[in-house]
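Novice: Quick one: this structure, given as structure tokens, is what I'll be asking you about.
The values are calculated or read from the model by the stated rules, or taken from the named source; none is laboratory data. Since the structure is predicted, the reported quantities are computational estimates derived from the model, not experimental observations. When we count neighbours, we look across all protein chains shown, and the Cβ atoms used for this are built from the backbone with ideal geometry, even at glycine.
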Amino acid sequence: MQYHRPATFEDAVTLAAGAQGVTRFLAGGTDVLVQMRSDIVTPDTLIDIKAIPGTHDITRQEDGGWRIGVAVTGAEMREHAELDRDWPGLVEAMDLIGSTQVQGRATLTGNLCNASPAADSVPAMIAAGVTATITGPDGSRTAPVEEIPAGPGKTSLARGEMITALHVPPRGTGGGDAYLRFIPRTEMDIAVVGCGVNLVVEGDTITHARVTLGAVAPTAVLVHAAEDALVGRTLDEEALTALADLAEASCNPIDDKRGTIRFRTHVAGVLARRAAKIAYDRAKGAAK
Amino acid sequence: MALDSSKTTGFKYVGTRPDRPDGFDKVTGRAKFGADATAPGMLFAAIKRSPHAHARILRIDTTKALAMEGVKAVVTRADFATGLTGENWNILENVMAGDTALYDGHAVAAVAATSALSARDAMKAIEVEYEILPHVTDVDKAMEPGAPVIRTGAADASVPEGLHPNVVRYHKSGHGDVEAGFAEADLVIEDHFVTEATHQGYIEPHACLGTLGADGKGELWCCTQGHWNVQKVCAALLGLETSQLRVTASEIGGGFGGKTTVFIEPVALALSRKANRPVKLVMTRAEVFKASGPTSSTSMDVRIGMKTDGTITAAEGVFRLQGGAFPGAPMEFTAMCAFAPYDLKHVRQVGYDVLTNRPKQAAYRAPGSPMAAFAVESVIDELCKKLDLDPIDTRLKNASHEGTRASFGPKWPRIGLVETLEAAKAHPHYTAPLAPGQGRGISCGFWFNHGGETSVSLAMSEDGSAQIMVGTPDIGGSRASMALMAAEVLGIPYENIRCTIADTASLGYNEISHGSRVTYASGLATIKAAEAAVEELCARAAAKWGIPEDAVYWEDGCAKPSGPNAGDFEPLPIAEITATMGATGGPINGHFEATPEGAGVSFATHIVDAEVDRETGSTKVVRYTVVQDAGKAVHPTYVEGQFQGGAAQGIGWALNEEYIYGEDGRLQNAGFLDYRIPVASDLPMIDTVIVEVPNPGHPFGVRGVGETSICPPLAAIANAVSAAAGVRMRQLPMRPSRILEALDSAADG
């Protein structure tokens, strides 16, 4: 196994593109190191990206959006008051991952690239409309984060490609997001179902809605029909019921040790209702 | 003079809450646990384990492993003793498979190398060829006709004819005529209950460092609840003389019964003998789950008859326990504990010990009792609901007390069940209002407690301080309790006493720290050893004063003349006597050896409030109160800790902990991510009430407290959840999906 600690993304990409066998990028290592110790993955090349300048920065962009470096940890996001004010759902999704110790290491980009269907931050990122800058041997491109995970443990990134930054859109006015997950315990667990909701309101009326589900399909699910069901109306009981039905209909889960198909489908509806209420209240609060 | 310090009141040190003697070591990292030992030239070991639930071992090829750099030895079953019988054979068969791998994780070979990484790589290079056999992991399925036979001829004479060969032990006890009793009842409820296997979940994985030479002399450092047992078993498994193996117990990171046997120690010694180097072996967490000793899973039927006034007329229980691929599931305890809290005219209990393709069960805190209480106390709860009776009053009406006959035979001596029920009834928790969606459950629980072979030695130092050597590893604060009891007898401050866990070469035989026996038995022996030292201290004072020994008594750490007739002498402090002990007759020590048999049983009553989220099936325990008879709480903070610990483990067992096996018979959750013990935020503050009904069998009235605390929780929580959900929960764990299914079927029904 070879360990590299490049100083630039160009060097990192060159190393990754030229590496043989299994390559892993190392940021917080809360997935990679655990997988190595459990004999799930034994990389031939390990590329530590934490020495690359800018990877630890959370930066406000000119348009009011945010650039989040690929080595920014959950704890750094949690403690960033302005980011938390704009995107509390995204921050709380990341904050739910692991223990205090894990929060000091784990990164948003790592959670995305680990490509677990149950990743907490991914539904929240998709709901928020987060995009990623991807750099590879042929240059850089931008993609919405929902295009990155391709299935459990698999990403759509080509050999030699890596994510160099995540971009959270400007919050604007009247926006609110929320993320809820179901776990059998109160913490230190993996989502049996996760749900992210991002709403924008004018007065009581919803003008924009994105609802996502985690752990109910091979990759996070964007509930497309939710936008039609919610936009142009208030979040009344009828809207909530419609949302819950749409969430349940979007599920394509598996039976496993963490939950049954029936349980996951039912709880997806429950969480969609609950998360939507929180997001709606936040959006209305922000609109005032 | 013959000293007798027996008392149940007027204590100076017993009943206080001084700092724990091991606290500094543990918060500074100085404490040495199993994996903390090193030795010059030490090798690291790794164990090759079966990936199959049941498979014949056709061939083990170690050629590639042995050829690897740094590899010094490989052992298989051929490197252990032959001709063993009984439990020694069972343990060896579990420690290293013979012809057949009997469960996922069963050890088949082991390797020692110069680094942990080399050992792991070499372990992977060991090639094993298997013939896969049909398997069974469920207790009911293992009893069905046609179930795979795990071992032929394993059943003993207790098993009636016509049962499946996987049933290896059978128990039946009780008295009266249960059918006549049921005929007297106004309401009879019979129900079926199921619990899944759980693990003790101790934070420290098994670890040891062994050295064994060609001369048959060995040293072993290990994390264990009983190092004399380790010594005896390892000597047998390796063909050694017991006394030639010295075993030292490390500081222990939890055991809860799971460290009362051996898993890796004989392997480290066998590797050491072959490599002629010290060998260190540390289990991974996955190995702990797969190949140490979880508790039994159960399938139980309970039937209880009651009159409208709450009188129980008859009770009957059938308890089927699987304990893995070896005899030993504690079904006898399950059967005997089931109805112990109640004074019954007609009672019958039956137990089955069943083999499955799972790891060999080990003791887990009151082995067998919590499951029995779950089934029995659930049925009593249902009877109380149907007959509109108060659950505590009903239990009081039927409670066992001094002079009544236990469900398993003997007459009860002085016991404290009624006192715990009365204290629970008087506790504000019992009448506190419940919020919507919440339910309250109560349950009683019982554990026998144990005495066992015990040796203690006490030595005075020149400065008047004392050291105590006990042989029972400290798993629950026993060093503090020993020091407090010795302080009480010697009349010197707690801080002037140091209690050490002696190794097997430094003290006489001691049974394992199990059966909640330590504060009782080692405590009794400590008191007796201290009394022996006091007698000698008095004798030295008598000699100095030139008066008869029986004219001297001991008070507040001083020898005093017993009255004006004895002479007019100033009290002689302990330090003045010990300062000159070398010249006045030699070292002053005390020791005591016995098998005390007066361990007092302990009963408890728990009150639990649970809240159920009807949309997700999620349960939160919102309030919990433990009421338990401690006889005499020597160090109340530790006693409260034992009460809370039992409740916390019970909450895990009741709500989320379980061994999950796939269709392939392999364990699917060998880690703390998917084996869900409670985290701190899952638990409420657990309130405790110490009831003290002195045990007549102990000088200070002590009863063991460590195990009884886990007996009521499964039932108390199930009763609370059932009340909150409005549907009877009969299967553990009550995970969210199971509660949701129960709510759904109640709605459909």
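Novice: For region A:260-288, what are the residues that are free of Cβ contacts under 8 Å to residues at least 40 places away in the same chain and either under 19 Å from the mean Cα position of the chain (by Cα) or within 12 Å of A:Val211 (Cα to Cα) (or both)?
Specialist: A:Gly269, A:Arg273, listed by residue number.
Novice: Could you please find all residues in region B:28-61 being surrounded by fewer than 16 Cβ atoms within 10 Å (Cβ to Cβ), of a type in the set (Ser, Thr, Tyr) and within 23 Å of B:Ala73 (Cα to Cα)?
Specialist: B:Thr38
Here is a yes/no grid of residues against (1) among the hydrophobic types (A, V, I, L, M, F, W, C); (2) within 30 Å of B:Thr137 (Cα to Cα):
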| site | (1), (2) |
| --- | --- |
| B:Thr8 | no, no |
| B:Val14 | yes, no |
| B:Asp19 | no, no |
| B:Thr28 | no, no |
| B:Ala73 | yes, no |
| B:Thr76 | no, yes |
| B:Ala81 | yes, yes |
| B:Trp89 | yes, yes |
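Novice: Only one residue in A:Ala191, A:Ala165, A:Ala178 is within 14 Å of chain B (Cβ to nearest Cβ), under 15 Å from the mean Cα position of the chain (by Cα), buried (at least 21 other Cβ atoms within 10 Å of the Cβ) and not aromatic (Phe, Trp, Tyr). Which one? Reasoning before the result, please.
Specialist: Details: A:Ala165 fails: within 14 Å of chain B (Cβ to nearest Cβ); A:Ala178 fails: within 14 Å of chain B (Cβ to nearest Cβ).
Exactly one of A:Ala191, A:Ala165, A:Ala178 is within 14 Å of chain B (Cβ to nearest Cβ), under 15 Å from the mean Cα position of the chain (by Cα), buried (at least 21 other Cβ atoms within 10 Å of the Cβ) and not aromatic (Phe, Trp, Tyr), namely A:Ala191.
Novice: Pull out all pairs, ordered by first then second residue, where Cβ-Cβ is under 7 Å, the residues are six or more apart or on different chains, the first lies in region B:707-720 and is outside the structural domain of B:Gln644 (by TED's automatic domain parsing), and the second is buried (at least 24 other Cβ atoms within 10 Å of the Cβ) and of a type outside the set (S, T, N, Q).
Specialist: Close Cβ pairs satisfying both conditions: none exist.
Novice: Another question, if that's okay. Working only within region B:611-633, note down all residues that are buried (at least 23 other Cβ atoms within 10 Å of the Cβ) and assigned to a strand (DSSP E or B).
Specialist: B:Val612, B:Thr619, B:Val621, B:Tyr624, B:Thr625, B:Val626, B:Val627, B:Gln628, B:Asp629
Novice: While we're on this one: If I filter region B:614-629 down to residues being among the charged types (D, E, K, R) and away from every other protein chain (no Cβ under 11 Å), which single residue comes out as farthest from B:Thr431 (Cα to Cα)? I'd like the intermediate steps shown before the answer.
Specialist: Let us first name the residues in region B:614-629 that are among the charged types (D, E, K, R), namely B:614-615, B:620, B:623, B:629.
With the extra rule that they be away from every other protein chain (no Cβ under 11 Å), the set shrinks to B:623, B:629.
Details: B:Arg623: 12, B:Asp629: 22 Å.
The selected residue is B:Asp629.
Novice: Another question, if that's okay. So which residues in region A:118-162 are under 10 Å from the mean Cα position of the chain (by Cα) and polar (S, T, N, Q), if there are any at all?
Specialist: Correct list: A:Ser121 only.
Novice: Which residue out of B:Thr76, B:Thr38 is within 30 Å of B:Asp664 (Cα to Cα) and touching a strand residue (DSSP E or B) at 6+ places or on another chain (Cβ under 8 Å)?
Specialist: After ruling out the rest, the residue left standing is B:Thr76.
Novice: On the given criteria, is B:Thr308 assigned to a strand (DSSP E or B), hydroxyl-bearing (Ser, Thr, Tyr) and modelled with pLDDT of 95 or more?
Specialist: On the way: assigned to a strand (DSSP E or B): no; hydroxyl-bearing (Ser, Thr, Tyr): yes; modelled with pLDDT of 95 or more: yes.
Spelling it out, it is not the case that B:Thr308 is assigned to a strand (DSSP E or B), hydroxyl-bearing (Ser, Thr, Tyr) and modelled with pLDDT of 95 or more.
Yes/no per residue for (1) under 24 Å from B:Pro736 (Cα atoms); (2) modelled with pLDDT of 95 or more; (3) in the same structural domain as A:Asn111 (by TED's automatic domain parsing):
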residue	(1), (2), (3)
A:Met188	yes, no, no
A:Asn198	no, yes, no
A:Val201	no, yes, no
A:Ala209	no, yes, no
A:Ala244	yes, yes, no
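Novice: A follow-up question, please. Would you be able to say whether some residue in region B:657-679 is polar (S, T, N, Q), over 23 Å from the mean Cα position of the chain (by Cα), within 14 Å of chain A (Cβ to nearest Cβ) and not in a loop (DSSP other than H, G, I, E, B)?
Specialist: no
Each row is one residue, and each column tells you yes or no for (1) surrounded by fewer than 24 Cβ atoms within 10 Å (Cβ to Cβ); (2) under 25 Å from the mean Cα position of the chain (by Cα).
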{"residue": "B:Pro327", "(1), (2)": "yes, yes"}
{"residue": "B:His346", "(1), (2)": "yes, no"}
{"residue": "B:Leu355", "(1), (2)": "no, yes"}
{"residue": "B:Gly368", "(1), (2)": "no, yes"}
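Novice: Kindly list the number of the only condition in (1) crowded, with 24+ Cβ neighbours inside 10 Å; (2) within 14 Å of chain A (Cβ to nearest Cβ) that fails for B:Val608.
Specialist: Here B:Val608 clears every test but (2).
Novice: Output yes when any residue across region B:428-442 is hydroxyl-bearing (Ser, Thr, Tyr), over 16 Å from B:Ala630 (Cα atoms) and surrounded by 15 or more Cβ atoms within 10 Å (Cβ to Cβ), and no when none is.
Specialist: Yes, the conditions are met somewhere in region B:428-442.
Novice: Follow-up. If I ask for residues that are surrounded by fewer than 21 Cβ atoms within 10 Å (Cβ to Cβ) and in a helix (DSSP H, G or I), which ones from region B:370-391 would you list? Spell out the reasoning first.
Specialist: First, the residues of region B:370-391 that are surrounded by fewer than 21 Cβ atoms within 10 Å (Cβ to Cβ): B:382, B:384-390.
If the condition is that a residue be surrounded by fewer than 21 Cβ atoms within 10 Å (Cβ to Cβ) and in a helix (DSSP H, G or I), then B:Glu382, B:Cys384, B:Lys385, B:Lys386, B:Leu387 are the ones that fit.
Novice: From A:Ala247, A:Ala215, A:Ala268, A:Ala287, which residue is surrounded by 15 or more Cβ atoms within 10 Å (Cβ to Cβ) and more than 14 Å from every other protein chain (Cβ to nearest Cβ)? Spell out the reasoning first.
Specialist: Values: A:Ala247 fails: more than 14 Å from every other protein chain (Cβ to nearest Cβ); A:Ala215 fails: more than 14 Å from every other protein chain (Cβ to nearest Cβ); A:Ala268 fails: more than 14 Å from every other protein chain (Cβ to nearest Cβ).
The unique qualifying residue is A:Ala287.
Novice: Another question, then. Considering only region A:139-161, state which residues are buried (at least 21 other Cβ atoms within 10 Å of the Cβ) and assigned to a strand (DSSP E or B).
Specialist: Correct list: A:Pro149 only.
Novice: Got a number for residues in region B:634-650 being surrounded by fewer than 24 Cβ atoms within 10 Å (Cβ to Cβ) and not in a helix (DSSP H, G or I)?
Specialist: Total meeting the criteria: 0.
Novice: Would you mention how many residues in region A:37-89 are assigned to a strand (DSSP E or B) and more than 30 Å from A:Thr14 (Cβ to Cβ)? So that I can check it myself, show each step before the final result.
Specialist: Start the filter on region A:37-89 by keeping residues that are assigned to a strand (DSSP E or B), which leaves A:45-48, A:58-60, A:66-68, A:73.
Going one step further and asking which of them are more than 30 Å from A:Thr14 (Cβ to Cβ), we end up with A:60.
Number of matching residues: 1.
Novice: Could you check region B:252-303 and list, in sequence order, the residues that are in a loop (DSSP other than H, G, I, E, B), under 27 Å from B:Val354 (Cα atoms) and charged (D, E, K, R)?
Specialist: B:Lys259
Novice: Let me ask something additional. Go through (1) in contact with a Phe, Trp or Tyr (Cβ under 6 Å, 6 or more places away or on another chain); (2) within 15 Å of B:Gln628 (Cβ to Cβ); (3) among the basic types (Lys, Arg) and name the single condition B:Arg395 misses.
Specialist: The failed condition is (1).
Novice: Okay, next question. Count, please, the residues in region B:463-510 that happen to be aromatic (Phe, Trp, Tyr) and either part of a helix (DSSP H, G or I) or farther than 16 Å from B:His591 by Cβ (or both).
Specialist: Keep residues of region B:463-510 that are aromatic (Phe, Trp, Tyr), which gives B:494, B:509.
With the extra rule that they be either part of a helix (DSSP H, G or I) or farther than 16 Å from B:His591 by Cβ (or both), the set shrinks to B:494.
Count: 1.
Novice: Within region A:250-265, can you find the residues that are within 10 Å of chain B (Cβ to nearest Cβ) and crowded, with 19+ Cβ neighbours inside 10 Å?
Specialist: Selection gives A:Arg258, A:Gly259, A:Phe263, A:Arg264.
Novice: What are the pairs with Cβ atoms under 8 angstrom where one residue, in region B:182-193, is on the phi < 0 side of the Ramachandran plot and the other, located anywhere, is among the aromatic types (Phe, Trp, Tyr)? Sequence gap at least six, or different chains.
Specialist: Partner pairs satisfying both residue conditions: B:Val188/B:Phe182; B:Phe193/B:Phe374.
Novice: If you scan region B:680-690, which residues turn out to be at the interface with chain A (Cβ under 8 Å from one of its Cβ atoms) and either assigned to a loop (DSSP other than H, G, I, E, B) or among the acidic types (Asp, Glu) (or both)?
Specialist: We begin by selecting, within region B:680-690, every residue at the interface with chain A (Cβ under 8 Å from one of its Cβ atoms); these are B:681-682.
Within region B:680-690, just B:Asp682 meets the criteria.
For (1) over 26 Å from B:Glu741 (Cα atoms); (2) touching a Leu at 6+ places or on another chain (Cβ under 9 Å), each residue gets a yes or a no:
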{"site": "B:Phe603", "(1), (2)": "yes, yes"}
{"site": "B:Lys632", "(1), (2)": "yes, no"}
{"site": "B:Gly646", "(1), (2)": "yes, no"}
{"site": "B:Asn669", "(1), (2)": "no, no"}
{"site": "B:Leu673", "(1), (2)": "no, no"}
{"site": "B:Met685", "(1), (2)": "yes, no"}
{"site": "B:Gly701", "(1), (2)": "yes, no"}
{"site": "B:Cys711", "(1), (2)": "yes, no"}
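Novice: Restricting to region B:707-749, and then to whatever is of a type in the set (D, E, K, R), touching a Ser or Thr at 6+ places or on another chain (Cβ under 9 Å) and more than 12 Å from every other protein chain (Cβ to nearest Cβ), can you tell me which residue is farthest from B:Gly441 (Cα to Cα)?
Specialist: The residue in question is B:Glu707.
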